[in-house]
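Quick note: the coordinates plus some simple rules give every number you see, no bench work behind them. Quantities reported herein were computed from a predicted structural model and do not represent experimental measurements. Glycine gets a Cβ as well: all are built from the backbone with ideal geometry, and neighbour counts include every protein chain shown.
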Amino acid sequence: MKRWDAIVIGAGHNGLVTACYLQRAGLDVLVLEKNDWVGGAAVSRSLTPGFTYSNCSYVCSLFRPEIMRDLELPRHGLQVIAYEGGAVLTQDGDFLGNYRDHEAHRREFARFSARDAEAYDRYSRDVTRQCRFIQPLLMRTAPDPTSLKPRDLGELLYLGRKFAGLGASEMAQTVRFWTMSISDFLDEYFETDVIKAYFALSGIIGTALGPMSPGTAYILLHHYMGEVDGSVGAWGYARGGMGAVTRALAASFQASGGTIRTGAAVDQVLVRNGKAEGVVLEGGEEVWANTVVSNADVKRTFLSLVDERDLPETFLRRVRNFKIRGSSGKVNIALDSLPEFPALPKDSPCLRGDLHFTDSVERMERGYDDWKAGRWSADPFLDVVIPTTLDPTMTSPGKHFMSCFVQYCPPKVEGRDWTDVDRDAFGETVISQIAEYSPGFRDRIVHMEVRTPRELEAEVGLTEGNIFQGELTFDQLLFNRPVPGYAQYRSPIGGLYMCGSSTHPGGGVMGAPGRNAAAEMLRDLKRGTRHMSAAHDVI
Amino acid sequence: MIASVPGRELNPRLALQDHWRAMRRETPFHSRLAALDFRNDWYSWAGCKAPLSLWDEELEYFAIRSQAALIDISPMVKYRIEGPDAETYCERVFVRNVAKLRPGRVHYTAWCDDEGHVLDDGTLFRLAETRFRLCCQERHLPWLLDSAIGFDVTVADETEAVAGLALQGPTSCALLKDAGFAGIERLKPFDLAFFPHEGGTVTISRTGFTGDLGYELFVEAADALSLWDRLWEAGQLRGIRAIGYTALNRARIEAGFIVANADFVTAEHAIRADRVRMPDEIGLGWLVDPGKPHFNGRRAILEARRRRSLGHVLVGLEIEGNVPAEHALVYHAKKKEVGLVSAAIWSPMAKRNIAIASLQRPYGDTRKDDLWVEIYALREGQYMKLMKRATVVPRPFVKLDRRTATPPADA
C-alpha cells in the first residue's frame with residue numbers, strides 16, 4: 001500500500017500553501033478535502049445560475065506576496081485588484097467616505113471634525129510603526145521562550161532587539177496596542193463617533209469581543225498589516241472571488257506533481273506509539289503517510305481527529321480552553337441590478353469599497369451585548385462589499401454579487417442549536433438594515449445564502465464558525481498560539497503538525513501559518529527550504 | 001433607524017459631500033493663474049492645484065531676481081491664534097521668544113514634541129497684541145488644540161478662508177507703491193502692516209521665501225481676485241510675472257531656506273523612529289531660547305545639548321563642478337558615508353554649485369575636512385558617476401543687500 005511522504009488534512013488556503021511547499025521540496029504529498037471542492041474558507045461558489053459568490057472570506061490584503069511569488073500564483077490565475085475605500089452611512093442621512101487620496105480623505109473627515117481630519121496623520125504614523133514591528137514576525141516561527149536551543153535563543157534575541165529598537169515611547173505604545181481596547185485607543189486620536197466607528201470595525205471583525213473589550217486594538221493592527229502590491233493597509237478583491245486564491249494554490253500544487261482528493265473526509269489520525277502514521281477516512285479507508293499536517297483548527301484536530309488518550313493532559317486541557325468563539329455570520333446576495341444608496345452622491349466611488357451602517361462605537365458595543373446574551377445583534381454591524389463593481393468575472397454585466405459580513409452572531413441561539421427559522425430571521429435582520437439605506441433593495445435580490453456559525457462549522461469545519469480559527473487576543477498570539485509549548489507547528493504526537501490559522505501568526509487569508517508549518521516540517525525532515533523566500537525586508 | 005432629517009439642508013456638512021469631485025482644490029486665484037498658464041504643469045501643494053511653472057521655469061526664476069514675481073501661496077496652511085492668553089500660549093508652543101515679537105512683526109520659528117523633535121517650522125505673524133497667524137507646511141490642529149488646554153485662547157484653521165500672494169523681486173516695493181499701498185517702503189524686513197483694499201483689509205508683510213526684496217500679502221478669499229488685478233495692473237510698467245514652484249525652489253535654495261518633509265522629516269510623519277530631528281540638527285538651534293518661559297521640548301533639547309547627543313547637523317555645501325548633487329550621498333574621505341544632500345542646484349546668482357545636506361555628526365559639525373559627494377548624473381541612458389569635493393559654507397548662499405535695504409530702491 002502506498003505510503004505518502006505527507007498528508008495534508010483540509011484544502012484550505014493554509015493547507016494548500018503547506019502542500020505546495022512540501023511538494024516543491026520533493027515530497028510526495030496528498031491533500032485530503034472533505035468537501036467536493038477545495039478552498040476551505042477561501043472559496044468561490046456558484047449557488048445560483050449566473051453568479052459566483054465569495055462565500056466566506058471576501059477581501060484580500062493579508063496574503064503574503066512572498067508566497068504568491070514562490071508558488072507562482074499569478075501564473076495559475078491569481079489577480080488581486082485594489083479598491084476604493086468605502087463609506088459608513090450615518091443615521092442622519094449623511095455618510096463618512098473613505099477615499100484613497102490623502103487630501104480627499106482629510107477633507108471628508110473635516111466635514112465632521114477639523115481636528116479629527118488633521119489627527120489622521122498621527123494615527124496613521126502610529127499604526128504604521130506598529131505594523132512595521134509586527135510584519136517581519138509573520139513569516140518567522142515564534143520562538144519558544146522556555147527553550148535553550150540556539151535557534152529559539154536566536155529568535156528571542158531577534159524579537160528582543162526589535163522591541164528594544166523601538167525606543168521608549170514606541171515600546172510603551174506597543175504594549176498598549178497589544179492590550180488596549182480599540183475604543184480606548186481611538187479615543188486618543190479622534191473625537192467623532194462615526195470616525196471612531198469606521199476604524200473600530202477592524203478591531204472586532206471575526207472576534208467575540210466588543211470594541212470596548214481590552215485586546216481589540218491589536219486586531220485592528222492585524223487587519224492593517226497587509227498590502228496590495230506594496231500599498232500597506234490596502235485591501236483588494238481577488239478576481240473571480242476568494243476562490244481564486246485557493247484555485248491558484250491547487251493548480252500550483254498539482255502542476256508540481258501533488259495529489260488532491262476531494263470528498264475525502266478524515267475521521268481519525270492514525271497514531272501508533274505516539275507517532276502519526278496516516279489517517280482513516282470516513283468509510284474506513286486507511287491512508288498511510290510518514291507525516292500528517294492538519295489545516296483544521298486546533299480544537300477540531302485534537303478533540304475530534306485524534307484520540308484524546310494519545311495526548312498529554314495539560315495540552316488537552318489548554319486545547320479545550322482555546323478561545324475559538326463564533327461571532328459572525330455571512331449573507332451572500334445575488335442582485336439583478338446595482339443597489340442605490342441615496343445618501344451617497346451620484347457616481348460616488350465609495351460604492352466600490354466597504355459599506356458600513358454602524359455609525360458609533362456604542363452601537364457596536366450594544367451589538368456585542370446581544371451576543372453575550374446568546375442572540376444575534378438586533379442592530380448588527382455589516383461589512384458590505386460589491387466586488388462585481390470592479391470584477392467582471394463573477395456575474396454578467398449589470399448584475400452584482402454583494403457580500404455582507406455580519407457581526408455579532410452567536411454559535412448557539414440562547415443556548416440551543418440554530419434552526420432554519422433562526423437562520424432566516426437572522427438573514428432578515430441583515431436585509432432590513434440594508435433596505436433602510438437602500439430603497440428597493442429587496443426587489444433586486446435574485447438569490448441569497450445566509451450563513452450562521454452553524455453553516456460555517458458544518459461546511460468549512462471552522463469550530464463555532466470562528467473565522468480566525470481562534471481569537472487573535474494577546475494570550476493566544478506568538479509563542480502562545482495555539483497553546484504554550486506548541487507554537488512551532490508541531491504537536492505532542494510525532495509526525496503530526498498543524499498549519500491552520502490556529503497557529504502563529506493567526507487568521508485571515510494570509511498563508512503565513514501554512515508556509516511556516518512547511519518550513520518546520522522540512523527542517524525536521526532535514527530537507528532544504530531554499531525554495532521558500534524569506535519575508536520581504538521592511539525598509 | 002435612519003432618523004427623518006428635518007432641516008437636512010441646514011446641516012453644513014451635507015453641503016460639502018461632493019468635495020471629492022475636485023480632488024485638487026482650486027485656490028481663490030486659480031482663474032488668474034489658469035489664464036496665464038501655458039503649460040498645464042500642475043502639482044499638488046497641500047491638496048491644492050499649484051503650478052510647477054506656467055511658461056518656463058528659467059525665465060520665471062529671473063523674474064524673482066530682476067523684476068517682480070507673483071506667487072500664489074494660498075495653499076500654505078494657516079492657523080489663527082487669538083485670545084487674552086495668545087502670547088503665553090505661543091510662548092508655550094514655540095521654541096522662539098514670543099514676548100520679543102511685537103505686534104506688527106513676523107518671525108520665523110519652530111515647534112517641537114515632548115522629545116524635542118521638530119513638528120514643523122513656519123512663520124508667526126503677530127497681527128495684534130492678542131492675535132497671531134501661524135503659516136506652515138503641515139497640518140497641526142490637534143497638536144495646537146491640545147496645547148491650548150488651560151489657556152484662554154482659540155485656535156482655528158483659516159487656510160481656505162485667507163488667500164495669500166507673495167510678490168518677490170527688486171521691483172516689488174515700487175510696484176506696491178504704484179498699486180497705491182502708501183507707505184509700503186517704510187516696512188523693514190519682518191514688519192507687517194494693514195492696508196485698505198476694496199472695503200476690506202490686506203495684510204502685507206516684508207517677508208518671503210526667496211532671499212530677495214519681497215512681500216507677502218494676505219486677504220480674505222473673497223477679495224483675492226481684485227487684489228491680484230490691482231498688483232497685475234501696477235506691474236504692467238514695472239514688469240510682473242506669475243511663477244511656479246520650480247523657480248521659487250531655486251531661489252529658496254540660494255537663500256538657504258529649508259522645506260519641511262523635504263530637507264527634514266516632521267515628527268508626526270516620521271514612521272522610522274530615527275528620522276526625527278531636534279532644532280539643532282536642522283540648523284534651527286538659533287531659534288531656541290532657553291531663557292524664555294517654558295516651551296514644549298525644552299527639557300529634551302537642553303538635555304541633548306548638555307549630553308552632546310545630537311546626532312545630525314544640517315549644512316550648506318559648495319560642491320566643485322556644475323552638476324547639481326540632488327539626493328547625492330555625502331562621504332568622508334570618499335569612503336565613509338556620512339550624510340545625504342536634500343536639495344541642490346547650480347546657483348545662477350552665486351555661479352556656484354550649492355546644496356543643503358544633512359550629515360551625521362561630528363561630520364559637518366567639528367569635522368568639515370575631506371567631504372565628498374557622489375553624484376549619479378543620468379546622461380543619455382548612462383549614469384555618469386562623479387565624486388566631487390564638497391566644502392561646508394554658511395547659508396544663505398546668496399546674500400542680497402536689497403533684501404534688507406530700507407527704504408528699498410525702485411529696481
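A compact table of results
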{"item": "Neighbouring partner chain Cβ atoms per residue of B:270-282, average, 10 Å criterion", "result": "2"}
{"item": "Rg ratio (alpha-carbon, reference 2.2 N^0.38 Å) - segment A:381-502", "result": "1.38"}
{"item": "Equivalent-ellipsoid semi-axes of segment B:273-393, from the Cα gyration tensor, Å, largest first", "result": "31, 15, 12"}
{"item": "Residues A:Arg444, A:Arg75 arranged by fewest to most Cβ contacts within 10 Å", "result": "A:Arg75, A:Arg444"}
{"item": "Charge sum, other residues only, whose C-beta stays under 13 Å from A:His105's C-beta, Lys/Arg counted +1 and Asp/Glu -1", "result": "-2"}
{"item": "Under 5 Å, built H, 5+ apart or other chain: amide partners of A:Gly39", "result": "A:Ala11, A:Gly12"}
{"item": "Gyration tensor (Cα) of segment B:107-243, equivalent ellipsoid semi-axes in angstrom", "result": "30, 16, 13"}
{"item": "Members of A:Lys196/A:Lys346; B:Lys49/B:Lys177; A:Lys372/A:Lys399; B:Lys188/B:Lys368 lying beyond 32 Å, as alpha-carbon distances in this model show", "result": "A:Lys372/A:Lys399; B:Lys188/B:Lys368"}
{"item": "Whole-number Å³ per residue for the convex hull built on Cα positions in segment B:77-157", "result": "76"}
{"item": "Rg [Å, one decimal], Dmax [Å, integer] - the protein assembly as shown, C-alpha atoms", "result": "32.0, 104"}
{"item": "Estimated vicinal HN-Hα couplings, Hz - segment B:28-45 in sequence order (Karplus 6.51, -1.76, 1.60; Gly, Pro = x)", "result": "x, 8, 4, 4, 6, 4, 4, 5, 9, 8, 10, 10, 6, 10, 8, 10, 9, 10"}
{"item": "Shielding score for B:46-59, defined as the mean number of other chain Cβ atoms within 10 Å", "result": "1"}
{"item": "Other protein chain Cβ atoms within 10 Å, averaged over every residue that makes up A:346-357", "result": "1"}
{"item": "Mean Cβ count within 10 Å, highest first, over the residues of peptides A:429-436, A:44-51", "result": "A:429-436, A:44-51"}
{"item": "Cα centroid of segment B:303-341 to Cα centroid of segment A:21-57, whole Å", "result": "56"}
{"item": "P(r) histogram, all alpha-carbon pairs of chain B included - 10 Å bins from 0, percent", "result": "5, 20, 29, 27, 14, 4, 1, 0"}
{"item": "Exposure proxy ranking, count of Cβ atoms within 10 Å, fewest first, for A:Glu285, B:Glu254, B:Glu374, B:Glu91", "result": "A:Glu285, B:Glu374, B:Glu91, B:Glu254"}
{"item": "Approximate spin-label separation A:Arg176-B:Leu36, in nm, with each point projected 7 Å along Cα-to-Cβ", "result": "4.8"}
{"item": "Hz values of 3J(HN,Hα) by residue in segment B:349-357 - Karplus curve (6.51, -1.76, 1.60), Gly and Pro given as x", "result": "7, 9, 6, 9, 8, 10, 7, 10, 9"}
{"item": "Separation of the A:Asn321 and A:Glu286 label points, Cα + 7 Å toward Cβ, nm", "result": "3.7"}
{"item": "Radius, Kirkwood style, for chain A when every pair of distinct Cα atoms is counted (Å)", "result": "23.5"}
{"item": "Under 10 Å, Cβ to Cβ, from A:Cys499 - net charge with Lys/Arg +1 and Asp/Glu -1", "result": "0"}
{"item": "Neighbour-count ranking [beta-carbon atoms within 10 angstrom, fewest first] of B:Arg133, A:Arg3", "result": "A:Arg3, B:Arg133"}
{"item": "Between segment B:77-144 and segment A:276-326, the alpha-carbon center distance in angstrom", "result": "65"}
{"item": "Using a Förster distance of 45 Å, the FRET efficiency for B:Glu233-A:Leu338 (Cβ separation, nearest 0.05)", "result": "0.25"}
{"item": "Contour minus Cα-Cα distance for A:Ala435 and A:Thr529 (0.36 nm per residue)", "result": "28.6 nm"}
{"item": "Ratio Rg/Rh, restricted to segment A:435-521 and using Cα atoms, in which Rh is the Kirkwood radius", "result": "1.19"}
{"item": "Long-range amide H partners of A:Phe381 with built H, under 5 Å", "result": "A:Gln407, A:Tyr408"}
{"item": "Cα coordinate range in segment A:207-306, projected on the principal axes (Å, largest first)", "result": "45, 38, 21"}
{"item": "Linear extension gain, A:Asp475 paired with A:His536, 0.36 nm per residue minus alpha-carbon span", "result": "19.2 nm"}
{"item": "Residues of type aspartates and glutamates that A:Lys34 reaches as a straight line, Cα spacing below 19 Å, ignoring anything fewer than 8 places off in the same chain", "result": "A:Asp267, A:Glu282, A:Glu285, A:Glu286, A:Asp297, A:Glu455, A:Glu457, A:Glu459, A:Glu464"}
{"item": "Paramagnetic reach from B:Arg402 in segment B:53-74 [backbone N under 17 Å; point 7 Å along Cα→Cβ]", "result": "B:59-71"}
{"item": "Amide proton proximity set for B:Val259, modelled H, under 5 Å, gap of 5+", "result": "B:Phe264"}
{"item": "Square roots of five times the Cα gyration tensor eigenvalues for segment B:7-115, Å", "result": "32, 27, 13"}
{"item": "Part-to-part distance (alpha-carbon centres) for segment B:209-272 and segment A:148-221, which is given in Å", "result": "42"}
